[in-house]
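Asks: Structure incoming, see below.
Any read-out appearing in this document is the output of simple, stated calculations on the displayed coordinates, not a laboratory observation. Keep in mind it's a predicted model, so treat the numbers as computed, not measured. Methodologically, a virtual Cβ is constructed for each residue, glycine included, from the backbone with ideal geometry; neighbour enumeration extends over all protein chains shown.
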Amino acid sequence: MKDPKTLDEMIGIFEERGLALDDKDIDSFRTVLYDCNYYRLSGYFRAFQVDPSHGDNRFVEGTCVDDFLTPYLMDERLRSLVFEGTSRLERTIGARFSYLLAQNDGAYSYIDENSYNEYRTVSDKNAALSQFPSRQSPRSQLFNELCRWLSQSKEVCIRHYRRRNQPVPIWAAVEAIPFGTLSKMLSLHKNTQVLRELYKSLGFRGREWRTCAPSAIQSMSYLRNMCAHHSRLWKREIISAPPMPQGAQHQFSSMEFSDKSVAKSLVVLSYLVDYIAGDEEYSLRLWEFVNSDASYSDGIHHAAHWE
């Protein structure tokens, strides 16, 4: 059991571990510790410790507060830029999917279980049944989510149909369905004509609508949720890295990054938003910010694997 530490006691521990702090730093660092959870901040200062994975928490000689506060503060700005991009992507996908589906299958097919595959692929089904035989199928989980969001939504357009005990048409439902649930709908939906046209309109080429797009969109939802929970982006290892669309490879052919880095996800996001907008304004703004600090940029382009 650990006893709670006061702010001054925490500062003392940092100093004992070799963090360079002068008098003018202490007051501002005290405010940082008060406003930021210690463990959230630890994701940044671990990069400047000798060997924290094996218990050596001493700071590398010469480390000062600004070394880890800079990426911490830059992450805040980057999360805002990611939110901007994922919001544009989410709104566009919801609007286009609802339109195409309504035109092709009608307004209410989205609440028919027969419109969806039980599992995304046969291999997914075999793996799930062998490892978790009693777990609900992805389709069952999806319908539980749909029912919950539609029954709890405070959107006026949803309440209008609920009060009249009428089914909600797809063009209203997408206003209440979050990005994560929407991405699951796309990954399981059977209407290949709708999916092919939707994904083509987002910049996926050839058979990428089947091989690449569903996972890429789910990865964008994951990226968005990380930012919603104020998660660290700098030096983060993305466990489920998105597949790379051909268009993104071409647009960012000169950029180097590790496979599980945040940069790979940002490349996919940048490409999709640019394609939707018809210009490169978003990607230029995002990457100009990321590359404005060399150390920060390196931590976005290369993941760190910490135990």
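Asks: By a straight-distance test (C-alpha under 20 Å), which aspartates and glutamates pair with Lys2 as possible cross-link partners, with residues fewer than eight away in the same chain excluded?
Replies: Within reach: Glu15, Glu16, Asp56.
Asks: Give me Asp27, Asp112 ranked fewest to most by other Cβ atoms within 10 Å of their Cβ, as a rough exposure proxy.
Replies: Asp27, Asp112
Asks: Give me the net charge for the shell around Ser183: Cβ to Cβ below 13 angstrom, other residues only, Lys and Arg +1, Asp and Glu -1.
Replies: Summing Lys and Arg as +1 and Asp and Glu as -1 gives +1.
Asks: Please give the contour-minus-distance gain from Glu16 to Thr121: 0.36 nm per residue of separation, less the Cα-Cα distance, rounded to one decimal in nm.
Replies: Difference between extended and current length: 32.4 nm.
Asks: Charges at C-beta only: +1 for Lys and Arg, -1 for Asp and Glu. How large is the resulting dipole of the range 96-197 about its Cα centre, in Debye rounded to 20?
Replies: 260 debye
Asks: For the range 7-68, what are Rg and Dmax over the alpha carbons, in angstrom?
Replies: 10.9, 32
Asks: Taking neighbour counts of Cβ atoms within 10 Å as a proxy for exposure, in what order, fewest first, do Val273, Val50 appear?
Replies: Val50, Val273
Asks: Set Lys and Arg Cβ to +1 and Asp and Glu Cβ to -1, take the dipole of the chain about its Cα centre, and tell me which of Tyr282, Ile300, Leu69 lies farthest positive.
Replies: Positive-end residue among those listed: Tyr282.
Asks: Quick check: the distance between the Cα centres of the range 236-307 and the range 112-130, to the nearest angstrom?
Replies: 31 Å
Asks: Which of the listed residues, Val50, Leu19, Met185, is farthest toward the dipole's positive end in the chain, when Lys, Arg count +1 and Asp, Glu count -1 at the beta-carbon?
Replies: Farthest along the dipole direction, towards plus: Met185.
Asks: Running Debye on the range 1-157 with equal point scatterers at the Cα sites and no solvent, what base-10 log of I(q)/I(0) appears at q = 0.09, 0.15 Å⁻¹?
Replies: Taken in order of the listed q values, log10 I(q)/I(0) reads -0.63, -0.90.
Asks: Give the Rg (one decimal place) followed by the Dmax (whole number) of the chain, computed from C-alpha coordinates and expressed in Å.
Replies: Both quantities, over Cα of the chain: 22.9, 68 Å.
Asks: State, as an integer percentage, the relative contact order of the chain based on alpha-carbon contacts under 8 Å between residues 6 or more apart.
Replies: About 18 percent, as a whole number.
Asks: Quick one: putting +1 on the C-beta of Lys and Arg, -1 on the C-beta of Asp and Glu, what dipole do you get for the chain around its Cα centre, in Debye to the nearest 20?
Replies: It comes to approximately 2060 debye.
Asks: Which entries of Lys125/Lys184; Lys5/Lys260; Lys200/Lys264; Lys184/Lys264 have Cα-Cα distances beyond 25 Å here?
Replies: In this structure, Lys5/Lys260 exceed 25 Å between Cα atoms.
Asks: Ignoring everything except DSSP H segments at least 4 long, calculate the 222 nm mean residue ellipticity for the chain; use -39,500 (n - 2.57) per segment, divide by total residues, nearest 500.
Replies: That calculation yields -19000 deg cm²/dmol at 222 nm.
Asks: Let me ask something else about it. Name the long-range amide H neighbours of Ser261: under 5 Å, sequence gap of 5 or more, or other chain; modelled H, no Pro or chain starts.
Replies: Ile238, Ala303
Asks: Moving on to the next point. Could you list which residues have their amide H under 5 Å from that of Gln49, counting only those 5 or more apart in sequence or on another chain, with H placed in the peptide plane?
Replies: Amide H to amide H, under 5 Å and 5 or more residues apart or across chains, Gln49 pairs with Val60.
Asks: Listing Tyr296, Tyr222 from the residue with the fewest other Cβ atoms within 10 Å to the one with the most, what is the order?
Replies: Ranking Tyr296, Tyr222 by Cβ neighbours within 10 Å, fewest first, gives Tyr222, Tyr296.
Asks: How large is the dipole of the range 7-68 about the Cα centre if only Lys and Arg carry +1 and Asp and Glu carry -1, each at its Cβ, rounded to the nearest 20 debye?
Replies: 300 debye
Asks: Local charge sum around Val194 (other residues, Cβ-Cβ under 12 Å, Lys/Arg +1, Asp/Glu -1)?
Replies: +2
Asks: Straight distance only, please: which aspartates and glutamates reach the Cα of Lys154 with their own Cα at less than 15 Å, same-chain residues fewer than 8 apart left out?
Replies: Glu175
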